[in-house]
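For reference, the structure is listed below as structure tokens.
The values are calculated or read from the model by the stated rules, or taken from the named source; none is laboratory data. Just so you know, these numbers come straight off a predicted model, no measurement behind them. Reconstructed Cβ throughout: ideal geometry from the backbone, glycine too, with neighbour counts over all protein chains shown.
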Amino acid sequence: MHSDLDDDAGETDADLAGLVLALIGSRHSVAPKRLLSPGPDAAQLQQMVDAAACAPDHRGLRPWRLIRIADHQRGALADLFEACLRDRAADHAPPVSDTDVAKSREKAHRAPVLLLAVLKAAPDDPEVPIIERAVTLGAALMNLLLAAHGLGFGAMLTSGRAVRSARFARALALADDEQAVCFVSIGTASQARRSARGGAADYLTEWSGGPGT
């Protein structure tokens, strides 16, 4: 038996699918230097993190967390970036220039909201190797980026050698089983620059094997 309710449900599903695909298809990264105020307020940031928490998580291990860098901590982060730069220069000639130092420090002051994504190896579970935990973090970050986009903000993930250094881990008080992965910068996009993207044909292939191959 057909009813108007069935039609309404079908339209709702189609509308939702269209909205989701439009949101994903229109999202693009915005460089931190092009992210200006205003940034998300506390409630909007909470929405983004709640969206991140919806990511697939094998056995519910919650293998990630986010650290927010407050405005008053940007100077300390700049000091940390400079120290990490000088650490690298100590092992490789020539020494860093004033320009190098200035560029390194400036990165700490970009974007109204700055988060650090951290991957957690604990608790130990042989059924969930670190690569699966990294996939969970990646899915969480994608959810966060989409939520930011849906709320009208630009965002981007950035990393670098400083983030992977022992000094950085100590300064951020990371546990032995934690690893800093990348920064998440969020703000109002001052300029949109979309890079070229591949299509499904660039990523999707068919398995050509079979039993015994």
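Computed quantities for the displayed model
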| item | result |
| --- | --- |
| Selection from the stretch 40-50 of residues that are out of contact with any strand residue (DSSP E or B) (no Cβ under 7 Å at 6 or more places or on another chain) and either surrounded by 18 or more Cβ atoms within 10 Å (Cβ to Cβ) or of a type outside the set (A, V, I, L, M) (or both) | Asp41, Gln44, Gln46, Gln47, Met48, Asp50 |
| All positions within the stretch 34-67 that are free of Cβ contacts under 8 Å to residues at least 12 places away in the same chain and in a loop (DSSP other than H, G, I, E, B) | Asp41 |
| The stretch 94-116 - residue that is part of a helix (DSSP H, G or I) and of a type in the set (Ser, Thr, Tyr) and, of those, nearest to Leu45 (Cα to Cα) | Ser104 |
| Filtered residue count, the stretch 51-66, keeping only those that are among the aliphatic types (A, V, I, L, M) and either crowded, with 19+ Cβ neighbours inside 10 Å or under 7 Å from Thr136 (Cβ atoms) (or both) | 3 |
| From Leu145, Leu137, Leu119, residue being crowded, with 17+ Cβ neighbours inside 10 Å, at negative phi and part of a strand (DSSP E or B) | Leu119 |
| Any hit, the stretch 85-93, residues being part of a helix (DSSP H, G or I) and either surrounded by 17 or more Cβ atoms within 10 Å (Cβ to Cβ) or touching a strand residue (DSSP E or B) at 6+ places or on another chain (Cβ under 8 Å) (or both) | yes |
| Residue among Ser185, Ser208 that alone is assigned to a loop (DSSP other than H, G, I, E, B), more than 19 Å from Arg62 (Cα to Cα) and not acidic (Asp, Glu) | Ser208 |
| Residue match in the stretch 157-168 (condition: surrounded by fewer than 19 Cβ atoms within 10 Å (Cβ to Cβ), within 14 Å of the chain's Cα centre (by Cα) and not in a loop (DSSP other than H, G, I, E, B)) | yes |
| Pairs where the first residue, in the stretch 131-143, is under 18 Å from Ile24 (Cα atoms) and the second is modelled with pLDDT of 95 or more and assigned to a helix (DSSP H, G or I), C-beta under 6 Å, 6+ apart | Ala140/Ala52; Asn143/Ala51; Asn143/Ala52 |
